[in-house]
1. Of the numbered conditions (1) among the basic types (Lys, Arg); (2) modelled with pLDDT of 95 or more; (3) more than 24 Å from Gly412 (Cβ to Cβ), Lys38 satisfies every one except a single condition; which is it?
2. Consider Pro406 carefully, then state whether it is crowded, with 21+ Cβ neighbours inside 10 Å, part of a loop (DSSP other than H, G, I, E, B) and more than 20 Å from the chain's Cα centre (by Cα).
3. State which residue is least open to solvent (accessible area, probe 1.4 Å) when the search covers only segment 196-216 and only residues that are of a type in the set (Ser, Thr, Tyr) and in a helix (DSSP H, G or I).
4. Inspect segment 307-330 for any residue being within 30 Å of Glu397 (Cα to Cα), in a helix (DSSP H, G or I) and touching an Asp or Glu at 6+ places or on another chain (Cβ under 8 Å) and give the result as yes or no.
5. Select from segment 4-23 the residues that are part of a helix (DSSP H, G or I) and touching a Leu at 6+ places or on another chain (Cβ under 8 Å) and list them in ascending order.
6. Does Gly26 count as under 16 Å from Asn83 (Cβ atoms), part of a loop (DSSP other than H, G, I, E, B), modelled with pLDDT of 95 or more and not β-branched (Val, Ile, Thr)?
7. For Pro360, are the conditions met, namely being in a loop (DSSP other than H, G, I, E, B) and open to solvent by 30 Å² or more (accessible area, probe 1.4 Å)?
Amino acid sequence: MERRCFSVPLRDNFEDSEFIHFILKGDGKQAIKTKFGKGIYESIQSIAQVIQQRVKPEDARNDPTVYTGTAGIAYFFYRLGINSILEPNKRLSYLALAEEYIDASVNTVEHYTRRTSNSFMLGSTGVYLVAFLIYDSVPEKKELSQKFYSRVISLTDSFLIVDSEDEFLYGKAGFLTALMFFHGYSKEWEACARKVAMKLFENGTNTANMSNWSGQCPLLYQWHNKYYLGAAHGTAGIIHSLLLIANCLKGSHSFSENALRETCEFLYWQQCPHTNNFFSSLDSKRSELVQWCHGAPGFLYVFCKAAEHFSNMTYLERALEASIPVWKFGWLLKGPGLCHGISGNAYCFLRLFRCLQHFPSMTQREELLFQCVQRAAQMGSFLISHSSNSIPCIHTELGMRMPDRPFSLYEGISGAGCFLLDLLNPFDSYFPLFDLAI
């Protein structure tokens, strides 16, 4: 496993104690006045500047998607535009940029349809959802948000056909998560979400019953004829989506809280005893992948959500257990990104921080909150330090690989920028377009 990651001294005594103090108090505006906080703030601005220089809205013709394209970059600028830590004028300029990138993305999706699918991460669902989020945040353009809401809703049937995938990146679980961003907006999305969720329950039950694990796990899923387990293509990502919608499903036909609970139990036992990491699939005994898409980081999100949904501290303890390989091996050579990079792994500690808020009576809670912020900050410090590269957070001089799409949301520095922004306010931090407040 060591060859996949940087060898970094692991310390729980972060150099800037003043920064940690303000973050734990929820005072990001004071935190950015500290030495490390200033470094984060400057790095975020640098990332935004480099992206503007290197990626133009018209590049949407090549890739308009959330995962690696201009819609993901629009999302990054949207996140800057709604963040109260930034000055009002800067926020307005970032929202204007978000509009430029998303308009170009929408134009590509609508006029070059053969280039994109309907999927969330790599298709029109993600583009329309980001357009909805951006225009819903601009008071004088809120009527446009309704248009993009309707566009997402209109795609529901395409995810209910027999041959559509179940997993998060391309399939129903991703679409279900996209629908959850409409929570509180109107009721129409709930009917669509129930249909998709029930299809996931049906498919998961059928696949489990036909598998070698029938009787051990009530819900299992395949992608490309393989029983993947992780967040991007596997059962963990699908169960996370179902847990997000679970409160809206009670009383629905085929819905089973026990099925969700038992599947979470089954997932826990897919942990490698030698590494504490989780296997990438039931068909494989490989456990070296410590990244959001495959391995412990994605499982951590399921356990955190299960802890909150079932009000069960045992799942939080399992999430803390899943964080051990993330801390040891999560300093990936693959790059700074969310999907298979350092930022995606660093988000785990922000997620644990949020989950701990739900369990005020937990033993050593204050120490764990302190540890989560320290570890996230240390990973953030690694991202913004060292680099002599012209692209922030990509340390090729240290052996980090240059991502194929170095400016993108899920592979590149747009995702790193979102993490650094969320590091300034862990109380309201969410892995971009995967995790949300429900």
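1. (3)
2. Working: crowded, with 21+ Cβ neighbours inside 10 Å: yes; part of a loop (DSSP other than H, G, I, E, B): yes; more than 20 Å from the chain's Cα centre (by Cα): no.
It is false that Pro406 is crowded, with 21+ Cβ neighbours inside 10 Å, part of a loop (DSSP other than H, G, I, E, B) and more than 20 Å from the chain's Cα centre (by Cα).
3. So in segment 196-216, the residues of a type in the set (Ser, Thr, Tyr) come out as 205, 207, 211, 214.
Filter again for in a helix (DSSP H, G or I), leaving 205, 207.
Details: Thr205: 55, Thr207: 24 Å².
So the residue we want is Thr207.
4. Yes, there is a match, as at least one residue in segment 307-330 is within 30 Å of Glu397 (Cα to Cα), in a helix (DSSP H, G or I) and touching an Asp or Glu at 6+ places or on another chain (Cβ under 8 Å).
5. Our first condition is that a residue be part of a helix (DSSP H, G or I); within segment 4-23, this holds for 4, 17-23.
Residues satisfying the conditions are Arg4, Ile23.
6. Details: under 16 Å from Asn83 (Cβ atoms): yes; part of a loop (DSSP other than H, G, I, E, B): yes; modelled with pLDDT of 95 or more: yes; not β-branched (Val, Ile, Thr): yes.
It is true that Gly26 is under 16 Å from Asn83 (Cβ atoms), part of a loop (DSSP other than H, G, I, E, B), modelled with pLDDT of 95 or more and not β-branched (Val, Ile, Thr).
7. Numbers: in a loop (DSSP other than H, G, I, E, B): yes; open to solvent by 30 Å² or more (accessible area, probe 1.4 Å): yes.
Yes; evaluated as a whole, the condition is true for this residue.
Residues are listed down the side, and each one gets a yes or a no for (1) open to solvent by less than 50 Å² (accessible area, probe 1.4 Å); (2) part of a helix (DSSP H, G or I); (3) of a type in the set (D, E, K, R):
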site: Glu99; (1), (2), (3): yes, yes, yes
site: Val106; (1), (2), (3): yes, yes, no
site: Met121; (1), (2), (3): yes, no, no
site: Val130; (1), (2), (3): yes, yes, no
site: Ile153; (1), (2), (3): yes, yes, no
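The values are calculated or read from the model by the stated rules, or taken from the named source; none is laboratory data. Model, not experiment: these values are computed from the prediction. Positions of Cβ are generated from backbone atoms using ideal geometry, with glycine treated the same way; all protein chains shown enter the neighbour counts. In case anyone asks, the SASA skips ligands and DNA or RNA and just uses the protein heavy atoms, side chains included. Shrake-Rupley method; radii C 1.70, N 1.55, O 1.52, S 1.80 Å.
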